[in-house]
Amino acid sequence: MRIKSIELAWFRGAAGPVSLEPNCNSMVVYGENGSGKSSFVDAVEYVLNGGGIEHLKTEYSGSHQVKAIPNTHKPGGSKTALRFVFKDDSELDVDFNENGSSKSSGAEGIAMGEWEYRQTVLRQNEVSEFIHDTKGKKYSALLPLFGLHKMEVAAENLRKLSKSVETEAGLSEKRIKLELVASQREEVFGTQSLDQIVKAVGDLYGQYCEESPAKDIQLSLSNEIGSAIENRIKGYSADNQRHVFLKEVAELNLQGRVDAVRASSVDLAESLDPQIAEKLSVLQSASTFVNSFDDTETVDCPACGREIPVEAFREHVNLESERLQETQKAFNLYKARIGDVCDTLRSIKSNFDKPDLKTSADPLQLVAAWFPVDLPVGGKVEHWKFVDIRHPYERYRHVSPVPAGAPVLLQPQLGDPPGHRVLAALSLIDQVEPTASLTPSHESLARLADPDHVATVAGEADCLGIPPSVPARLRSFARFKRRRRQASRPYTPGLALPGLTRLPSFAYPPP
Amino acid sequence: MVKGPESKSDSGDQWVSSLLEAAKKDNPMVADGVFARLEILLEGQLSERDLTPTNLKAVATQLIGDTVPKPPEPEETQ
């Protein structure tokens with residue numbers, strides 16, 4: 001709503017009834033100083049601010065401001081009043097009492113008190129300040145004129161709120177954890193997509209949790225897979241469990257993690273050490289400066305500007321120096337301990353990297369080193385027959401043919417080195433005996449070997465630091481085979497693996 | 001009461017709803033409760049005055065709480 005006219009009577013600088021009709025786009029009001037030009041703006045501000053005029057606050061505090069409203073030259077019997085006439089000819093009257101308080105009437109349809117002050121009033125001093133202001137302040141001054149002040153307040157509050165949310169939620173720590181998880185994912189899964197990972201989880205679930213087929217394959221099944229693997233490991237012998245544990249430890253990327261911790265520690269030291277040194281030097285300078293004063297003097301606090309006794313300032317500087325030195329000492333200790341931990345972990349890792357441990361960490365390679373027997377190569381695996389002996393002292397219990405079409409992990413070929421062929425044989429045995437642990441497979445293979453050789457290998461096993469139960473069983477097995485050889489039992493060719501140079505001398509079927 | 005076009009309440013705070021719509025589009029995984037609270041805040045105290053650190057902490061805690069979607073309340077059986 002536009003204002004059609006403003007009428008003042010003995011209001012502020014208006015000496016008598018005066019009126020202004022701003023019913024145009026722009027208008028110039030001129031006059032001598034104190035003639036009452038600004039009183040029209042004061043009148044508008046008075047109504048908009050509910051009886052307050054900002055610039056009067058410097059001279060009059062609180063309720064005393066009303067004393068500045070009536071013109072001091074007002075003759076007795078005349079009244080101080082304001083009248084606003086709007087474009088729709090409605091009027092707003094403000095009558096002042098002798099004590100300066102006011103009462104409004106009329107123009108009920110126009111809530112002038114709710115008008116945005118900044119959109120209505122721009123004072124001359126504000127124009128002058130605007131011209132000399134910085135760009136940022138000009139921006140802040142223009143926003144209210146466009147009715148965007150709320151947005152500016154909201155933007156500032158949102159900026160602070162964003163920081164507050166970040167602090168309260170611990171987002172920076174969570175971001176670092178997320179980066180670690182991402183790097184671990186890359187380490188384990190490479191560049192595989194989420195779908196590929198879910199598929200891999202589904203495959204693992206099918207492999208380890210056959211009893212309870214999953215309806216919906218999802219990542220949360222990993223927990224069940226983990227439990228199933230744990231249970232399977234529990235079913236292993238103590239030696240095998242130790243092997244699994246050692247293998248797991250050996251495969252941890254300790255080296256990379258130790259390097260990362262060391263690099264972070266160096267970064268931290270590079271950023272903190274100069275800061276601590278700088279602050280200590282400032283405090284030392286402050287200490288020198290303050291020591292040049294007498295105890296009775298005062299000094300301006302460099303932080304808050306207040307005048308404080310020299311003694312208090314000196315005490316504060318000394319206290320801060322001590323705190324900083326303690327921090328520096330604690331940080332140096334932290335660096336030393338982190339370095340110590342890294343060195344220890346590196347040493348553990350290098351021990352796991354030793355060739356001996358690596359050999360024992362891979363059971364197939366170990367067995368290949370123990371039993372370099374010649375198995376038949378070439379041909380088709382479904383024609384092979386393996387002996388499934390669950391106990392080394394039992395005779396042949398049954399003969400298990402490899403199922404036709406069974407998956408072959410490693411098919412032996414002509415010309416392969418002996419160890420390689422042993423690995424292939426072990427793979428096949430594992431397929432025939434999916435529930436068998438590693439030890440029966442060793443024993444099955446051991447039956448194919450010469451007892452003298454088994455005894456030699458048992459001696460080698462002693463040297464290799466293999467758990468003593470293994471060579472003991474091997475020796476026992478060798479003795480058993482020698483006794484069998486001496487007994488000269490009839491040999492049944494049908495049982496032998498075709499192409500074996502050294503054939504077992506057991507009878508079949510068992511008596 | 002008839003208000004003039006320049007009155008404060010006539011601004012309608014349309015910028016709040018358009019701002020939040022754009023934010024929803026850009027952040028589809030953020031719970032609706034967060035936007036609902038932000039709308040109330042932007043139409044109220046966030047646009048009116050500078051918030052104190054205590055107020056900011058309280059509002060931040062509420063917003064963090066809103067990020068966890070609440071399960072729909074079970075319908076009352078009659």
For residue A:13, distant residues with modelled amide H under 5 Å away:
A:39
Where in the stretch A:153-248 are there trypsin sites (Lys or Arg not before Pro) that are in a DSSP coil and have at most 15 other Cβ atoms within 10 angstrom of their Cβ?
A:215
Based only on Cα atoms, what Rg/Rh ratio does the stretch A:17-161 have, Rh being taken as Kirkwood's radius?
1.00
Top positive-direction residue, dipole computed over the stretch A:37-119 with Cβ charges, set A:117, A:105, A:70
A:70
Which of the residue pairs A:135/A:279; A:174/B:25; A:234/A:335 have a Cα-Cα distance greater than 31 Å in the structure shown?
A:135/A:279; A:234/A:335
Separation between the residue A:155 and residue B:22 pseudo-spin-labels, each 7 Å from Cα along Cα→Cβ, expressed in nm?
1.1 nm
In nanometres, what is the gap between the two model label sites at residue A:90 and residue A:320, each 7 Å from Cα along Cα-to-Cβ?
6.1 nm
Within 10 Å of each candidate Cβ there may be at most 14 other Cβ atoms; applying that plus a DSSP loop requirement, which chymotrypsin sites (Phe, Trp or Tyr not before Pro) in the stretch A:113-198 survive?
A:146
HN-Hα J in Hz across the stretch A:153-165 - Karplus 6.51, -1.76, 1.60, θ = phi - 60°, x for Gly and Pro
4, 5, 4, 5, 5, 5, 4, 5, 5, 4, 5, 5, 4
Set A:79/A:103; A:247/A:349; A:103/A:150, cut-off 20 Å on Cα-Cα distance; pairs above it are A:103/A:150
Per DSSP, the loop-located trypsin sites (Lys or Arg not before Pro) within the stretch B:18-68 having at most 15 other beta carbons within 10 Å are B:49
How do the peptides A:290-303, A:38-51, A:89-102 rank, highest first, by the average count of neighbouring beta carbon atoms within 10 Å per residue?
A:38-51, A:89-102, A:290-303
Per the rule of 0.36 nm per residue minus the C-alpha distance, extending residue A:333 to residue A:248 adds in nm 27.4 nm
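Where a number appears in this text, it was derived from the coordinates with a stated rule and is not lab data. As the structure is a prediction and not an experimental result, all values here were calculated from the model. FYI the Cβ positions are ideal-geometry reconstructions off the backbone, even for glycines, and counts take in every protein chain you see.
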